[in-house]
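Shown next, in C-alpha cells, is the structure this report addresses.
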Amino acid sequence: MIGIICAMQIEADGIIALCENVKKEEKFGMTFTRGTLNGKELVIVVCGIGKVNAAMCAATLINDYKPDLVMNSGVAGAVSPVVSIGDIVVGTKAVEHDMNTTPLGDKQGEVSFPSGKVMFFECDNAASRTLEEVCAGIENTKVVRGIIASGDIFISDRSQRLRLNDRFDAIACEMEGAAIGHVCWCCKVPFVILRAISDDIDENKGMDFVKFCALAAEKTVFAVDRFTTKY
C-alpha cells in the first residue's frame, strides 16, 4: 500500500477520481480515502497546513493503514535559482529549518532523539528516482531532485529563502514534508516528497496562485498515476 498525504484538496480529488473501489473513513478530522490505482492499493488524505497537522496525519496513516511507502505531495517555494514556477522538485532528503536549539550547542535544523541527533531525514532513493523518471514525462516541466526545507512559517522574503539554500543546500521550502519524514523515520517507513514550485526565488507573482494550484495538481496527479505503474 502507498499512503499519499496531499497539501491540496484539489490534488487529492484528482487522484481519487482515478481510483477504483473507493472507501472513505474519518479520523481526527481528516478524511482517509482508500482505493486502487493501476492495481496498487492507495490511501489518500489531506493533512492541513503545518508540521503538527502533517505529523499527526502521518502517524495516523502509518498506525492505521500500515503503508509500505508514504508520499507527500503539493506545492513549494523555490529557495534556489535552479528551479522556477511550474518546475517539479523530488526530494532526496528533508530538514526542519525552524528547529533551533543552537543555544545548547546544536546546529540549526538538528532534531534530538534519545539515540542521538538527526538533521536530514532521507527520502527513499528508489521511490525518489522513480518519481524523477515519471515526472520527466510531463511536458514543458523541469524536474530536479534535491533537499527540501520545511517549517511552520510561510517564507516570502528573498533573503530568507537564500539563507535556507546557503545553510541547508535546499532547493525548495514548504510546511509539511520534513515533519512527515520525521514521523516516517521514527516508524521506519520509507517516504518521498513531490512538490511543484509555486513561486520562484525572485518572489514572482505573475501567476495567479489559485490557477497555479490547479496546474500543479494536474502535474502531481499525472506523476502519481505513472508512479503506481512502476513502483
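The values are calculated or read from the model by the stated rules, or taken from the named source; none is laboratory data. Quick caveat: nothing in here was measured; it's all calculated off a predicted structure. Every residue, glycine as well, gets a Cβ built from its backbone with ideal geometry; the counts of neighbours run over all protein chains shown.
Numerical summary
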{"quantity": "Lone qualifier among Ala94, Ala17 - being hydrophobic (A, V, I, L, M, F, W, C), modelled with pLDDT of 95 or more and either in a strand (DSSP E or B) or under 15 Å from the mean Cα position of the chain (by Cα) (or both)", "calculated": "Ala94"}
{"quantity": "Test result for Ser156, assigned to a loop (DSSP other than H, G, I, E, B) and within 15 Å of Ser84 (Cα to Cα)", "calculated": "yes"}
{"quantity": "Test: Thr229 is of a type in the set (S, T, N, Q) and part of a helix (DSSP H, G or I)", "calculated": "yes"}
{"quantity": "One residue from Gly74, Gly86, Gly91, Gly146 being surrounded by 15 or more Cβ atoms within 10 Å (Cβ to Cβ) and touching an Asp or Glu at 6+ places or on another chain (Cβ under 7 Å)", "calculated": "Gly74"}
{"quantity": "The stretch 3-14 - residue that is in contact with a Ser or Thr (Cβ under 7 Å, 6 or more places away or on another chain) and in a strand (DSSP E or B) and, of those, nearest to Cys184 (Cα to Cα)", "calculated": "Ile4"}
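Matching residues to (1) in a strand (DSSP E or B); (2) surrounded by fewer than 20 Cβ atoms within 10 Å (Cβ to Cβ); (3) out of contact with any helix residue (DSSP H, G or I) (no Cβ under 9 Å at 6 or more places or on another chain); (4) of a type in the set (Gly, Ala, Ser):
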site: Ala126; (1), (2), (3), (4): no, yes, yes, yes
site: Ala179; (1), (2), (3), (4): no, no, no, yes
site: Ile193; (1), (2), (3), (4): yes, no, no, no
site: Val224; (1), (2), (3), (4): no, no, no, no
